[in-house]
């Protein structure tokens, strides 16, 4: 059935009444969802950082979130008849020249040297104070891994200037952009999964010396790569954090124009024009799958269904890979259904590649929801670590004894923020998918997205279950 009453031009009186009815339906469903969310029932469930008393049972949140997605899908089908986001950024304003590049480059280099320098105390046989947080875990797992990409989604790609490996390598005439078209981001994907393995599986992920060795090895690896293929091609294909931050920064409403000036371009505008590098869709899938594994591995139900595999490094490695593959297979199947339901010659893999950008807000939502408490609590250790970066008993700035304040925010606001993040991320994903379907599938746009809607609801349910579990 065709759900585009505006295809004939001006709205008819019948369509106006139809729209009024649709609005009443939306208001009714919104009120019902609000009632479900605010009903003062109590149930016990796990929350990030400990037990959490949810104001209503988890099922209410899941049903409410699913209802929001379904309503969004129907509203888009009825009220969004033409693609609006496919033409890319629309820069506004005269632009402002960036003057922070030298500062960011210096910060990036100093941060890298601090992390690599963590191997020096062990080489010299110095004893660390086990009660003092060292700077490497905070810099790597909180600032570099979370704060930088999260900020990029708001203020644009500042990682480009912060990236210490870009600063180390001078721009070269050896740049070979054809390698990016040939290899895409597959090498970066391997590095990305290896990095998440170090974070989530390795028993030494918090050891400063281990992080120092890893940073040194990664630096040597990238320097050699850039020496052979050039700086831009090397970072685009082999540095996992360049595409990772570039994808998140494409959500931001600000960016650079052709002259490099900072301008307003609008939310999500750059996502739709991301180059379709080979392997892009699976890179985004890995962004979702690794966070899903991280959250699920801390739940009782996941431990029960994996038959004790979480008790060994090999088993955890297998489950990490399977989590990524499972999310990838689900997305590929949804793309296959979309290809079958539309009058197009695209294959499932081609559809998956074309719609890869629609998963980026979901990946960001998963990461923000899952790691929000890590940033606001563990991030406070940075204040102590800067006074004693190597854990040797120093107190350079008088903050070495500062402790984490776990009462800076209560648990229920955190839960609502996490729920809102996941729901908003999936609604944005549905919106982007609908807009791309209109551009690619035309009259078959709505029905081609049925499987994608099911996938979005499934991912929402998984995300909320993991958070509460």
Inset, instruction - Return one number: the angle in degrees, 0 to 90 and rounded to the nearest 10, between the long axis of the Cα atoms of helix 360-373 and the longest principal axis of the Cα atoms of the chain. - result: 50
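Please sort 405-413, 114-122 by packing, taking for each peptide the average over its residues of neighbouring beta carbons within 10 angstrom, highest first.
114-122, 405-413
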Legend entry - Whole-number D in µm² s⁻¹ for the chain, Kirkwood Cα-pair radius fed into Stokes-Einstein, 37 °C, 0.692 mPa s: 136
Inset, instruction - Sort out for me the Cα centre separation of the stretch 306-355 from the stretch 174-200, rounded to whole Å. - result: 19
Inset, instruction - Determine by what factor the alpha-carbon radius of gyration of the stretch 320-374 differs from 2.2 N^0.38 Å, reporting the quotient. - result: 1.37
Inset, instruction - Using Cα pairs closer than 8 Å and at least 6 residues apart in sequence, work out the relative contact order for the chain, in percent. - result: 23
Inset, instruction - Please give the contour-minus-distance gain from residue 313 to residue 300: 0.36 nm per residue of separation, less the Cα-Cα distance, rounded to one decimal in nm. - result: 2.9 nm
Inset, instruction - Starting from the Cα of residue 168, move 7 Å in the Cα-to-Cβ direction to define the label point; list residues of the stretch 108-132 whose amide nitrogen is under 20 Å from there. - result: 108-123
Inset, instruction - Take the Cα pairs of the stretch 76-221, get the Kirkwood Rh, then feed it into Stokes-Einstein at 25 °C and 0.890 mPa s and tell me D in µm²/s. - result: 132
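Once every DSSP H run of n ≥ 4 in the chain is given -39500 (n - 2.57) and the sum is divided by its residues, what mean residue ellipticity at 222 nm do you get, rounded to the nearest 500 deg cm²/dmol? Spell out each step's value before the answer.
Details: 22 runs with 284 residues, N = 469.
Taken over the chain, the calculation gives -19000 deg cm²/dmol.
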Inset, instruction - Over the stretch 257-356, calculate the relative contact order: mean separation of alpha carbon pairs under 8 Å at least 6 apart, over the residue count, as a percent. - result: 29
Inset, instruction - Report the label-to-label distance for residue 406 and residue 344 in nanometres (one decimal), using points 7 Å from each Cα along the Cα→Cβ vector. - result: 4.9
Legend entry - Cα long-axis angle, helix 280-296 against the chain (0 to 90 degrees, to the nearest 10): 70
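Given a Förster distance of 45 Å, report the FRET efficiency between residue 204 and residue 70 from their Cβ-Cβ distance, rounded to the nearest 0.05. Let's see the in-between values first.
Working: r = 45 Å, r/R0 = 1.00.
Rounded to the nearest 0.05, the efficiency is 0.50.
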Inset, instruction - Determine which residues of the stretch 256-273 fall in the zone a paramagnetic label at residue 99 would reach in this model, i.e. backbone nitrogen under 17 Å from the point 7 Å along Cα→Cβ. - result: 261-263
Legend entry - Distance between modelled label sites at residue 326 and residue 129, nm, 7 Å Cα→Cβ extension: 4.4
Inset, instruction - Working from Cα positions, state the angle (0 to 90°, nearest 10) between the long axis of helix 58-79 and the longest principal axis of the chain. - result: 60
Inset, instruction - May I ask for log10 I(q)/I(0) of the stretch 356-469 at q = 0.09 Å⁻¹, from a Debye sum over the Cα atoms as equal point scatterers with solvent left out? - result: -0.41
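Computed FRET efficiency, Cβ-Cβ of residue 113 and residue 176, R0 25 Å: what is it to the nearest 0.05?
Working: r = 29 Å, r/R0 = 1.17.
FRET efficiency, residue 113 to residue 176: 0.30.
Peptides 232-243, 378-389, 134-145: what's the order by average Cβ count within 10 Å, highest mean first?
232-243, 134-145, 378-389
Coordinate-derived values only; no laboratory data. As the structure is a computational prediction, the values presented were derived from the model and not from experiment. Methodologically, a virtual Cβ is constructed for each residue, glycine included, from the backbone with ideal geometry; neighbour enumeration extends over all protein chains shown.
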